[in-house]
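One structure below.
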Amino acid sequence: MDNQINVSQAVALRISELLKLKNMTQYKLEHEACLSHDTVKSIMKNKAKGVNLKTIIAIADGFQMTASEFLNSPLFNYENLDI
């Protein structure tokens, strides 16, 4: 990636990728992850200032995977992130 993205953007892109891969809706993810619609919407619309580890674990759980599996994407490679 030439353009770096922030962590919240990387999380949103990863969620989009997994929603397509698992043929899930955002609503189903919210339900499975026990997260509010506002929380997920703010991440997806890049309104979140950051995403904490608790939220990442909940999202990963919603996808029935570990946080490590969720973060196992080139999106989270240090050189791709604006930290």
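Could you list, ordered by first residue, the pairs with Cβ atoms under 6 Å in which the first is in segment 59-83 and more than 14 Å from ASN6 (Cβ to Cβ) and the second is of a type in the set (Asp, Glu), at least 6 apart or interchain?
Taking only residues 6 or more apart or on different chains, the pairs are GLY62/GLU32.
Got a number for residues in segment 37-78 being assigned to a helix (DSSP H, G or I), within 11 Å of the chain's Cα centre (by Cα) and closer than 11 Å to ALA10 by Cβ?
Looking only at that region, the number is 6.
LYS28: among the charged types (D, E, K, R), without any contact (Cβ under 8 Å) to a residue 40 or more places away in the chain and surrounded by fewer than 17 Cβ atoms within 10 Å (Cβ to Cβ), yes or no?
Values: among the charged types (D, E, K, R): yes; without any contact (Cβ under 8 Å) to a residue 40 or more places away in the chain: yes; surrounded by fewer than 17 Cβ atoms within 10 Å (Cβ to Cβ): yes.
Considered against the rule, which asks whether it is among the charged types (D, E, K, R), without any contact (Cβ under 8 Å) to a residue 40 or more places away in the chain and surrounded by fewer than 17 Cβ atoms within 10 Å (Cβ to Cβ), LYS28 comes out as yes.
Given the criteria surrounded by 11 or more Cβ atoms within 10 Å (Cβ to Cβ) and closer than 19 Å to ASN80 by Cβ, does ILE15 qualify? Break it down into steps so the answer makes sense when it comes.
Values: surrounded by 11 or more Cβ atoms within 10 Å (Cβ to Cβ): yes; closer than 19 Å to ASN80 by Cβ: yes.
When the stated conditions are applied, ILE15 passes them.
Please count how many residues of segment 42-83 are among the hydroxyl-bearing types (Ser, Thr, Tyr), loosely packed, with under 15 Cβ neighbours inside 10 Å and farther than 21 Å from LYS22 by Cα.
Qualifying residue count, segment 42-83: 1.
Pairs only if they're at least six apart or on different chains, beta carbon under 7 angstrom, first in segment 1-20 and without any contact (Cβ under 8 Å) to a residue 24 or more places away in the chain and assigned to a helix (DSSP H, G or I), second surrounded by fewer than 16 Cβ atoms within 10 Å (Cβ to Cβ) and of a type outside the set (Ser, Thr, Tyr); list them, first residue then second.
Hits for this filter: LEU19/GLN26.
Each reported figure results from applying straightforward, stated rules to the coordinates on display, with no laboratory input. Computed from a predicted model, the values in this text were never measured in an experiment. Virtual Cβ from ideal backbone geometry, glycine too; neighbours counted across all protein chains shown.
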